[in-house]
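S.K.: The structure's right below; bear with me while I get my questions together.
Derivation of every value follows stated rules applied to the coordinates shown; laboratory data play no part. Everything numeric in this text was worked out from a predicted model, so none of it was measured.
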Amino acid sequence: MASIQVGDRAPDFTLPAQSGERVSLAQFRGNKAVVLFFYPKDGTAVCTKEACNFRDAYEDFVQAGAVVIGVSSDSAESHQAFASGHRLPFVLLADTDGSLRKSFGVPKTLGIMPGRVTYVIDKEGIVRHVFSSQFSADRHVSEALAMVRQLARS
C-alpha cells in the first residue's frame, strides 16, 4: 500500500491503549489535532529517547490543542510498563498485527525494522505533516510541535 502523504485523509482506526481502553482517531475529529507517532519497540534506546522527548514537550502539545499518540506492535501490557517506567502522559496504542502501520504505509528500515514516522493530523482528519527518520528522535518532536502550533494559529 502507498504511504499516506500530506493532504490525504488519515485512515480511521480503533486500537487498545495501555490503559485497556479502545482509542479511535474519530473521537478527536472536530476537536483536536492528533500527533500520531509510529516507533519500532518499547524500551529500545532511540524509542525511549523519542517517547521521553514527546513526554517533555507534552504540555506544549496540549496547549497548542493536540493529543499525542504513540503506536508500536508491542502489547498493551508492554505499553503500560513502558509508559509507567518513563512517566509517559500520552496514549500508546497496541498495533499488534501491524494493520495500522500498514494502513498508513509506514516503511520498514532495511526491509526489517519497523519505521519511525510521525504524522500530524488536523481536526478534520487531514494529514498536514509527515516526518520520517529512523534515528533523529529529537526532530520528530520539534517538527510535530512546529506544525501543531501552525495549525493552532490558522
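S.K.: Within the chain, which DSSP H helices have Cα atoms that stretch 18 Å or more along the helix axis and a mean Kyte-Doolittle hydropathy of at least -1.0? List each step's numbers first, then the result.
M.R.: Details: long enough: 137-153 (25 Å, -0.17).
Passing helices, by number: 137-153.
S.K.: Straight-line reach from residue 123: which lysines have a Cα under 24 Å away, not including same-chain ones fewer than 8 places off?
M.R.: Hits, sequence-local ones excluded: 32, 102.
S.K.: Under a 10 Å cutoff between Cα atoms, tell me which one of 54, 104, 13 has the largest fluctuation in the Gaussian network model of the chain.
M.R.: Looking only at 54, 104, 13, the biggest GNM fluctuation is shown by 13.
S.K.: Note down the relative contact order for the chain as a percent, whole number, built from C-alpha pairs under 8 angstrom at least six residues apart.
M.R.: On the way: 303 pairs, mean separation 50.3, N = 154.
It comes to 33 percent, rounded to a whole number.
S.K.: Follow-up question, since we're still on this one. With all distinct Cα pairs included, what does the Kirkwood hydrodynamic radius of the chain come out to in Å, to one decimal, could you say? Could the numbers behind the result be given before it?
M.R.: On the way: mean 1/r = 0.0662 Å⁻¹.
Computed over the chain, the radius equals 15.1 Å.
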